[in-house]
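Take a look at the structure below.
The values are calculated or read from the model by the stated rules, or taken from the named source; none is laboratory data. Model, not experiment: these values are computed from the prediction. Positions of Cβ are generated from backbone atoms using ideal geometry, with glycine treated the same way; all protein chains shown enter the neighbour counts.
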Amino acid sequence: MAVAVIGLVISSAANVEGRSSRNSDENLVASFIFGDSLSDAGNNNYFSTLSKADIPPNGIDFRASGGNPTGRYTNGRTIGDIVGEELGQPTFSVPFLAPNSTGKAILYGVNYASGGGGIMNATGRIFVNRLGMDVQVDYFNITRKQFDKLMGPSRAREYLMKKSIFSITVGSNDFLNNYLLPVLSIGARISETPDAFIDDLITHFRGQLIRLYQLDGRKFVVGNVGPIGCIPYQKTINQLNEDECVELPNNMARQYNAKLKDLLTQLNENLPGSTFVYANVYDLTMELITNYKQYGFKTASKACCGNGGRFAGIIPCGPTSSLCQERGKHVFWDPYHPSEAANLIIAKQLLDGNTKFISPMNLRQLRNLS
């Protein structure tokens, strides 16, 4: 579970609501999505885990399901859903573990993200089961072989390199549900300093990204870690005021983000033909949390769906949760995840933003790279 990228107000949600009608030559064909609950589209529905979003009112505004829960940790679409629509992806990327993730369905992309997942294999063990990044890349390797069978090796390689975007949103759980987790992480914190843990994260993540490159990924967008000390859960359990955040998680996120940016620069320089785009989640999120009223929100502290404490930030969203009346006026859907209204803003910034928030190019420019 984690916080996400937040950007500037989207000028017209209507542009994103429907499928793109642009010339098919300009359209993104496939989107391969990796990461945690910010991107999970239902993988966690298919195994036993304490991290699930397959119960109402999750998905209440997700039109494709008629308002029924799909396993998305929000009231509507994820950022990946919205970005894919706007770039011309014909259908949502199918969850890898879903029964229909076979045959031609995978040609439009596959979603491997898993609530509770992280860069490190130990991350998220509090949820019992989840798919970490190593497993997600293993699953993509299976998909990669399926592409060869469907299209032939040569055509499959070109398809993945030129017509596909690989989106990775991961890292928040490595702090919230690993290193900073009370009780379970005490031993780790004694034996490993924050600096050493962050270096370990970067080393592991480098290997995972290189594996995806070796499997013919070329266009990547990688989100950094947002201000995880500002989510409703953290504000609630630490009994903070609306304008306060927990400093330790935020400091570690900033430290990790600086090293992640350096890593992506190195990969761009050393992996021929690759483009790694850095999504500045942290600054985008702080912009919205700080100036939420300017973006049409009533609160950037209280969860729309949740229970417990001043900000409804302790108990995850479920059938017995309190539910806000104006879902579009809350930055956060639940104690951890943004609302669809926030995701629309995020998506707009990722698609069309400048290099302050997404560099060296935005996602529309990334799609159009030949």
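Before moving on, here are some points about what is shown:
- Being free of Cβ contacts under 8 Å to residues at least 40 places away in the same chain, in a helix (DSSP H, G or I) and touching a strand residue (DSSP E or B) at 6+ places or on another chain (Cβ under 8 Å) is a condition met by at least one residue of the range 241-262.
- Out of Gly76, Gly35, sole residue that is surrounded by 20 or more Cβ atoms within 10 Å (Cβ to Cβ), touching a helix residue (DSSP H, G or I) at 6+ places or on another chain (Cβ under 6 Å) and not hydrophobic (A, V, I, L, M, F, W, C): Gly76
- Answer from Ser322, Ser339, Ser301, Ser370 - the residue that is under 16 Å from Gln234 (Cα atoms) and either of a type in the set (S, T, N, Q) or surrounded by fewer than 23 Cβ atoms within 10 Å (Cβ to Cβ) (or both): Ser301
- Residue selected from the range 236-283 under the condition closer than 19 Å to Tyr213 by Cα and of a type in the set (Asp, Glu), by the criterion surrounded by the most Cβ atoms within 10 Å (Cβ to Cβ): Asp262
- Enumeration of residues in the range 20-37 that are closer than 21 Å to Glu158 by Cα and at pLDDT 50 or above: Glu26, Asn27, Leu28, Val29, Ala30, Ser31, Phe32, Ile33, Phe34
- Per the listing Tyr139, Tyr108, Tyr112, the residue uniquely of a type in the set (Ser, Thr, Tyr) and crowded, with 24+ Cβ neighbours inside 10 Å is Tyr112.
- Restricting attention to the range 164-217, the residues that are part of a loop (DSSP other than H, G, I, E, B) and at pLDDT 95 or above add up to 5.
- Per the listing Asp134, Asp148, the residue uniquely within 19 Å of Gly207 (Cβ to Cβ) and not in a loop (DSSP other than H, G, I, E, B) is Asp134.
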